[in-house]
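> Below is the structure I would like to discuss, written out as structure tokens.
The values are calculated or read from the model by the stated rules, or taken from the named source; none is laboratory data. Quick caveat, the model's predicted, so the values are computed rather than measured. Every residue, glycine as well, gets a Cβ built from its backbone with ideal geometry; the counts of neighbours run over all protein chains shown.
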Amino acid sequence: MNHIELTKAFTEILTLRWSPVAVKLLKKGEAIPPGVVEPSVPLRHCQAITVARRGNSLYMPPSKHACPDGSAIMGLVPMSPKLRSGELYLLFKKLPNIECARKMIASREEFEPGLYVSSVVAPLEKAEFEPDVVIFTIYPEQMMWLCCASSYATGDRHVFHTSGYNSTCSDLTVQVMKSQKMNISFGCYGARAISDINDFEAYLSVPYNQLEMLVEALKKLSVKSIPEARHKIYMPPVIDNVAAPGEGGTDCKAEIIMDEERCNGCGLCEAFCPEAVFSKNTENQGTRYKIDADKCCACYTCVGQCPQKAIQLKYKPK
């Protein structure tokens, strides 16, 4: 898939607000990709991500990096002694003592100075280069589906390495380039202070070579899981202003209605029911399942899981 196709797939399946941002660190001698321009004023790396997710493509040599900490973390310039020592974190009241500052610095990922000479950022659909990482600015629900897509393809759970410091430079760029694993960030002082990221958004960064795998998994998840979750399939309706048992009501009980013509006996209702309401009917009475409605807690899981839409729940006064 090309970059336009990848962006379209992510945007349509996840309903993204912002373009995913392609990020590449250039080594000495590497050509500047076409279609990028130097910003007129120096920007922080996190600011550049903001500009790129709005549709702009930037080439940033060290002179156009406004944050000495971020540019040093990415290996573009040497780290200043006061930043390396942690003194500046105390000066700006970001950490309480030098021990905490040194521990935080020692545990973050960074590149050796001089390993790279510039950075390039662009909206993925416009990127005329192969990125190192792609950074999403997204809501937690969208982040969840990207994590699900990664697990769908690999079976792996996720262990994220992040903090409230050096988010876009260390956590989203260097960390992901080194580990080749997706990582999240809630932003940091700089990223939150200078960008238009809202209070409900966060970041997720993905190695570029995993994008197609994630799209293919998201396509599978979008057949059933994503639309059903977004339609809140487990939310019981309020009928005749009577509270459902699962909502703490004590004056009603659930009536479970199963359409035998629709039911194909797949067993998902039995497998997922937390109260063992359903059991296989071995007495051959014309129904596939026995139903013990008195056990029902009205969680609505059976209704949501049934692929044939054969189950309904109704509430009636006791």
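> Name the single residue, out of those in the stretch 201-226 being farther than 20 Å from I49 by Cα and not in a helix (DSSP H, G or I), that is nearest to the chain's Cα centre (by Cα).
It comes out as S222.
> Please go through the stretch 241-286 and give me each residue that is aliphatic (A, V, I, L, M), modelled with pLDDT under 70 and not in a loop (DSSP other than H, G, I, E, B), ordered by number.
As a first pass, look at the stretch 241-286 and keep what is aliphatic (A, V, I, L, M): 242-244, 254, 256-258, 268, 271, 276-277.
Applying the additional criterion that residues be modelled with pLDDT under 70 yields 242-244.
Within the stretch 241-286, V242 is the sole residue that qualifies.
Residue-by-condition table, conditions (1) over 21 Å from the mean Cα position of the chain (by Cα); (2) in contact (Cβ under 8 Å) with a residue 12 or more places away in the chain:
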{"position": "A22", "(1), (2)": "no, yes"}
{"position": "L26", "(1), (2)": "yes, yes"}
{"position": "G29", "(1), (2)": "yes, no"}
{"position": "I32", "(1), (2)": "yes, yes"}
{"position": "P39", "(1), (2)": "yes, yes"}
{"position": "P42", "(1), (2)": "yes, yes"}
{"position": "V51", "(1), (2)": "no, yes"}
{"position": "L58", "(1), (2)": "yes, yes"}
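> Say we look at the stretch 91-132 and pick out the residues that are in contact (Cβ under 8 Å) with a residue 24 or more places away in the chain and of a type in the set (V, I, T); which of these is surrounded by the fewest Cβ atoms within 10 Å (Cβ to Cβ)?
My answer is V117.
> Can you find a residue that is within 23 Å of M79 (Cβ to Cβ) and at pLDDT 95 or above anywhere in the stretch 1-14?
Step one: filter the stretch 1-14 for residues within 23 Å of M79 (Cβ to Cβ), giving none.
No, the stretch 1-14 has no match at all.
> Would you mind telling me which numbered condition in (1) farther than 15 Å from I257 by Cα; (2) surrounded by 15 or more Cβ atoms within 10 Å (Cβ to Cβ) A298 fails?
Tallying (1) farther than 15 Å from I257 by Cα; (2) surrounded by 15 or more Cβ atoms within 10 Å (Cβ to Cβ), A298 fails exactly one: (1).
> Can you tell me which residues in the stretch 271-283 are under 16 Å from M258 (Cα atoms) and more than 37 Å from the chain's Cα centre (by Cα)?
Within the stretch 271-283, S279, K280, N281 qualify.
> Residue by residue through the stretch 174-221, note down the ones that are touching a residue at least 60 places away in the same chain (Cβ under 8 Å), surrounded by 17 or more Cβ atoms within 10 Å (Cβ to Cβ) and not aliphatic (A, V, I, L, M).
Q175, G187, C188, G190, S195, E201, Y203, S205, P207, Y208, Q210
> Still on this structure, please answer the following. Would it be correct to say that S63 is farther than 15 Å from K126 by Cα, of a type in the set (S, T, Y) and surrounded by fewer than 13 Cβ atoms within 10 Å (Cβ to Cβ)?
On the way: farther than 15 Å from K126 by Cα: yes; of a type in the set (S, T, Y): yes; surrounded by fewer than 13 Cβ atoms within 10 Å (Cβ to Cβ): yes.
Yes, satisfied.
> Any idea which residue in the stretch 1-34 is surrounded by the fewest Cβ atoms within 10 Å (Cβ to Cβ), counting only those that are part of a helix (DSSP H, G or I) and of a type in the set (A, V, I, L, M)? Steps first, please.
Applying the first criterion (part of a helix (DSSP H, G or I)) to the stretch 1-34 yields 3-14.
From the residues that got through so far, the ones that are of a type in the set (A, V, I, L, M) too are 4, 6, 9, 13-14.
Details: I4: 12, L6: 21, A9: 19, I13: 18, L14: 21.
Ranking the qualifying residues of the stretch 1-34, first place goes to I4.
> Within the stretch 142-167, track down each residue that is in a helix (DSSP H, G or I) and either at pLDDT 95 or above or not polar (S, T, N, Q) (or both). Full working, then the answer.
First, the residues of the stretch 142-167 that are in a helix (DSSP H, G or I): 142-154, 167.
Result: Q142, M143, M144, W145, L146, C147, C148, A149, S150, S151, Y152, A153.
> So if I check each of Y289, Y300, which one is over 30 Å from L14 (Cβ atoms), of a type outside the set (K, R), at pLDDT 80 or above and not assigned by TED's automatic domain parsing to the domain that holds L14?
Numbers: Y300 fails: over 30 Å from L14 (Cβ atoms).
Criteria check complete, one pass: Y289.
> Could you give me the residue pairs with C-beta distances under 8 Å whose first residue belongs to the stretch 295-318 and is in a helix (DSSP H, G or I), whose second residue is among the acidic types (D, E) and at pLDDT 85 or above wherever it lies, and which are 6+ apart or on separate chains?
K295/E275; G304/E228
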